[in-house]
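Taking it in order: structure first as structure tokens, then the write-up.
Derivation of every value follows stated rules applied to the coordinates shown; laboratory data play no part. All figures in this text were calculated on a predicted structure; none of them were measured in a lab. Here the Cβ is made from the backbone with ideal geometry for all residues, glycine too, and neighbour counts use every protein chain on show.
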Amino acid sequence: STEVEATAYAVLALVGAGDTSGAYSGARWLLMRRNARGGFQSTQDTVVALEALGAYAAATFSDVASLSVTPAAVGNFSPGTITIDESSFDLMQRFDAHGATEVLATVEGSGVALMQLEVTYNLETDPNPPEFELVVRAKATAVTEAAARRRRRGRSLHGNLFGSNVGGGGGSGE
């Protein structure tokens with residue numbers, strides 16, 4: 001999006017000017033808009049935003065992290081400990097907390113790390129979705145005696161009808 005790209009350019013400009021404290025809010029805003037795979041909405045804003053976040057990280061953090069992260073959740077859940085050090089600081093490490101309603105993390109050591117939580121779910125679909133949707137719009141009018149006589153002589157009434165194929169049934173459309 002244009003907001004992501006503009007914010008990324010602002011972060012790059014502030015970092016380039018040596019104003020890392022001014023760039024902090026922009027970097028934080030960008031981090032909150034990442035998708036579950038670390039990217040953004042489009043390739044262009046992903047490239048610019050990751051460049052800005054990388055420049056911000058390089059300007060603000062000099063030591064490699066040495067952290068142990070132990071996630072925990074309500075229920076029967078124990079993924080073990082995630083270690084972040086010189087050999088793994090640039091790797092994405094993940095764990096699944098199936099069915100958890102609350103996730104906590106205990107962190108020991110020194111350094112900075114980003115932890116992101118993604119919630120996904122599936123919705124049941126109707127096994128027999130309708131093939132067509134039919135919308136009828138009728139206008140209520142008073143039927144006069146003359147209109148009733150015309151109908152009896154073979155004339156018809158007219159209305160509006162809208163139909164659309166909403167299923168993937170492969171119908172011919174006729």
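A compact table of results
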| quantity | calculated |
| --- | --- |
| In range of the label at S68: residues from the range 80-104 whose backbone nitrogen is under 16 Å from the point 7 Å along Cα→Cβ | 80-86 |
| Residue order, fewest to most beta carbons within 10 Å, for T7, T106, T125, T70 | T125, T106, T70, T7 |
| Residues in the range 1-29 reached by a label modelled at V47 [backbone nitrogen below 20 Å; 7 Å Cα→Cβ] | 1-13 |
| Net dipole in debye of the range 1-60 [+1 Lys, Arg Cβ; -1 Asp, Glu Cβ; about Cα centre; nearest 20] | 240 |
| Per-residue Cβ neighbour rank within 10 angstrom, fewest leading, R33, R28 | R28, R33 |
| Charge dipole of the range 1-52 about the Cα centre (unit charges at C-beta), most positive-ward option of M32, V47, G18 | M32 |
